[in-house]
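Below: one structure, written as structure tokens.
The values are calculated or read from the model by the stated rules, or taken from the named source; none is laboratory data. Quantities reported herein were computed from a predicted structural model and do not represent experimental measurements. Reconstructed Cβ throughout: ideal geometry from the backbone, glycine too, with neighbour counts over all protein chains shown.
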Amino acid sequence: MSTDTRQVPSRPLGPFHEAVDEFVSTTKHWWLLLVTGVAWVVVAVLILRFDYTTVAAIAVLFGVFCFAAATNEVMVSAVTPSRGWRILHWLLAVLFIVVGVVAFFRPSDTFVGLAAVMSFYFVFRGTFDIATSFAASRVPGWWVLLLVGIAEIAIGFWAAGSWNASVVVLVSWVAAGALIHGVGQIASAFLVRKVGHGAAALDGQHSAAAQA
């Protein structure tokens, strides 16, 4: 009588498990979104603590803000499991760089001109956040990102239609953008975390069923 000494693999291999492994390994860096979200909130507070008196000064502030937002999108793409969404994050980063360059080199001599530049950022950002929230509509807490996107678009249209924008209003928009973006990043962090845990649980169930 022979005894079969072959060991059953503790985990069946295949495209499904490889895809899930990659997905889980990507989403485990969700805490990066949390850290950047908190950093954006801190930046919003710091912005309001300085005095700005000219269009040029606010244009530089907003240009730096856009470059920071572009860098943030590149970081977010690193923790995004979907290739399609990674590409969208990169495209958004490119758009923010373009807006930042325009703010630096062509801020116009009026508050209205700078407000118009700001409006592009908020509309782009808000549209993307709303699309992201609907894509994650099955994950608890997705509505937070939806509200963030709506708020950003509202500021964008407000900026586009403002003909009497003052220094205080422009700085407030930049600070509000940083604050709203921070809240969105924090919400995204927990969404990514929940999605990662859900994928890991699904993979475990699939493995158990395959070994049964």
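What the table below lists for this structure:
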read-out	value
The range 56-90, residues that are touching a Ser or Thr at 6+ places or on another chain (Cβ under 7 Å), of a type in the set (A, V, I, L, M, F, W, C) and in a helix (DSSP H, G or I)	75, 90
Test: residue in the range 74-91 that is modelled with pLDDT of 85 or more, among the hydroxyl-bearing types (Ser, Thr, Tyr) and within 12 Å of the chain's Cα centre (by Cα)	no
Count - residues of the range 173-192 that are over 14 Å from the mean Cα position of the chain (by Cα) and not aliphatic (A, V, I, L, M)	1
Residue within the range 106-126 that is modelled with pLDDT of 90 or more, surrounded by fewer than 17 Cβ atoms within 10 Å (Cβ to Cβ) and within 20 Å of the chain's Cα centre (by Cα) present	no
Residue count for the range 130-142, restricted to those that are modelled with pLDDT under 90, within 16 Å of residue 186 (Cα to Cα) and not hydroxyl-bearing (Ser, Thr, Tyr)	5
